[in-house]
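Just below is one structure, and these are the notes that go with it.
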Amino acid sequence: MDAGSLDAYSDLWDGSDPDWVILPSDGNDDGGLPYNRRTGVAALMCDDDLAAAVLRNMRAHGVPVAESRLRHPEPEHLVGRLTDLDAAKAARDDLRHK
């Protein structure tokens, strides 16, 4: 694996987005999954050698390993819709009781 192959993934460890962590995998200290706590996005790689190299670089640069399961943040674009939906349901229920 050459260093050039990893350049596209450097934002996972270079500090430009400090919300990247490593989600540990069961029983494999070298495994894991790059995960962004702010966006809820996981960086998936189909090449096992590339994934291992990315995780090694993340660990070498001090990216933390998450110690517990992370909760996906509420998508901001849905929060308003959920509120609107709740309001619509409440209005419907009010009409049914009249």
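The values are calculated or read from the model by the stated rules, or taken from the named source; none is laboratory data. This one's a predicted model, so the numbers in the text were calculated from it and none came from an experiment. Because the Cβ atoms are built from the backbone with ideal geometry, glycine has one as well, and the counts that use them run over all protein chains shown. SASA here: full protein model, heavy atoms, side chains in, ligands and nucleic acids out. Shrake-Rupley method; radii C 1.70, N 1.55, O 1.52, S 1.80 Å.
Mind listing whichever residues of the range 51-68 are touching a helix residue (DSSP H, G or I) at 6+ places or on another chain (Cβ under 7 Å) and more than 17 Å from TYR35 (Cβ to Cβ)?
ALA53, the sole residue that qualifies.
Quick grid of which residues meet (1) open to solvent by 80 Å² or more (accessible area, probe 1.4 Å); (2) in a strand (DSSP E or B); (3) modelled with pLDDT of 95 or more:
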site	(1), (2), (3)
ASP17	no, no, no
PRO24	no, yes, no
ASP30	yes, yes, no
GLY40	no, no, no
MET45	no, no, no
GLU67	yes, no, no
ARG71	yes, no, no
GLU74	yes, no, no
